[in-house]
Each structure stands twice: as C-alpha cells, then as structure tokens.
Amino acid sequence: MPSPVGRLALFADAESLLAIEFVGATGKKARQGGETNSILLLAERQLAAYFASQLRVFDLPLRPIGTDFQLAVWQAMREIAYGEVLTYGDIAEMIGSRSKARAVGQAANRNPLPIVIPCHRVIGGGNRLTGFALGLDMKAFLLRHERGEEVWKDC
C-alpha cells in the first residue's frame with residue numbers, strides 16, 4: 001500500500017496481521033494474492049487513518065512471531081500512548097528486568113509490525129533518538145506526525 005513514508009507491504013493470514021515491511025518508494029514489488037483478505041483490508045484502512053491523523057489506537061488482530069521475551073517487549077510497546085515516548089529502560093522495567101534495556105532495543109529492532117507495534121515511540125536515555133531499524137529520520141518523522149507537526153507537506 002502507498003503511504004507517506006513509502007510503500008508498505010502487509011502480510012496476513014485469514015485471522016491476523018503478521019508483518020509490515022517498508023518497501024520504499026520504488027523498492028521491490030510485493031507479491032499480491034488473488035483473494036481479498038479482510039485482515040489486509042482492515043489494516044490498510046487503519047494505517048491510512050493513522051497517517052491522516054484520524055486514528056490513534058490500532059484495533060487489529062496481530063500475530064507477531066518471536067521469542068517470549070520479544071513478544072513481551074512488543075506487547076509493552078503497544079501500551080505506549082500515541083504521541084508519547086518511553087525509554088528502552090522503561091520498557092525493560094515494565095516487563096520485569098530493568099537491566100535488559102539493551103535486549104529491549106534488540107527486540108525493537110526485530111519488530112515485525114512497525115507502526116502498529118509502535119517501536120518508534122521507544123527512545124534512548126536522556127531523550128535521545130536511537131536505534132530504529134528504518135533510520136532515525138523515519139523515527140523522528142513518525143514522532144513528529146504523532147505530535148501533530150506538519151510533516152507531510154514535503155511528501
């Protein structure tokens with residue numbers, strides 16, 4: 001699907017959204033199935049509403065695949081409110097181990113559902129933008145969008 005951050009490839013089965021990949025403006029073509037998938041249609045509508053500043057909380061059936069630790073991190077990230085940020089240490093504390101902030105960063109880097117599982121809302125100590133698999137410019141872009149700053153005018 002097209003989006004203000006480039007083309008997104010969405011992957012789902014009949015019950016859940018499984019992954020979102022950034023394909024970029026002209027990147028690889030995503031394989032398209034022959035059938036209409038209601039989960040994909042719902043995800044596209046909600047992502048479009050998010051980018052239009054009309055949706056703050058996603059209501060999608062998700063099935064990210066990861067270790068128990070990664071799943072706990074990703075669930076904690078889903079609890080970060082729209083427009084807010086927490087540190088990697090905050091997330092580590094939420095899941096019961098303040099000393100695992102670095103491991104939280106690694107789990108964030110492997111998030112299969114960016115935007116919907118808002119790993120962009122997790123920052124380093126001292127309010128530093130750090131560690132985003134898609135680049136710090138994209139992380140800052142998404143955070144500015146959620147703060148209501150006019151970020152789409154150049155797109």
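The values are calculated or read from the model by the stated rules, or taken from the named source; none is laboratory data. All of these numbers come straight from a predicted model, not from anything done at the bench. Ideal geometry is used to build each Cβ from the backbone, glycine not excepted, and the neighbour counts take in all protein chains shown.
Results for (1) modelled with pLDDT under 95; (2) under 15 Å from the mean Cα position of the chain (by Cα); (3) among the basic types (Lys, Arg), shown as yes or no for each residue.
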residue	(1), (2), (3)
Phe58	no, yes, no
Pro61	no, yes, no
Thr67	no, no, no
Ala81	no, yes, no
Asn109	yes, yes, no
Gly135	yes, yes, no
Met138	yes, yes, no
Arg147	yes, no, yes
Asp154	yes, no, no
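Residues in the range 1-16 that are outside any strand (DSSP E or B) and over 13 Å from Leu40 (Cα atoms): Pro2, Ser3, Pro4, Val5, Gly6. Summed over the range 83-107, the residues that are surrounded by fewer than 15 Cβ atoms within 10 Å (Cβ to Cβ) and either in contact with a strand residue (DSSP E or B) (Cβ under 8 Å, 6 or more places away or on another chain) or touching a residue at least 60 places away in the same chain (Cβ under 8 Å) (or both) give a count of 1. Just so you know, in the range 111-133 the residues that are part of a loop (DSSP other than H, G, I, E, B) and under 15 Å from Thr87 (Cβ atoms) include one that is modelled with the lowest pLDDT, and it is Gly131.
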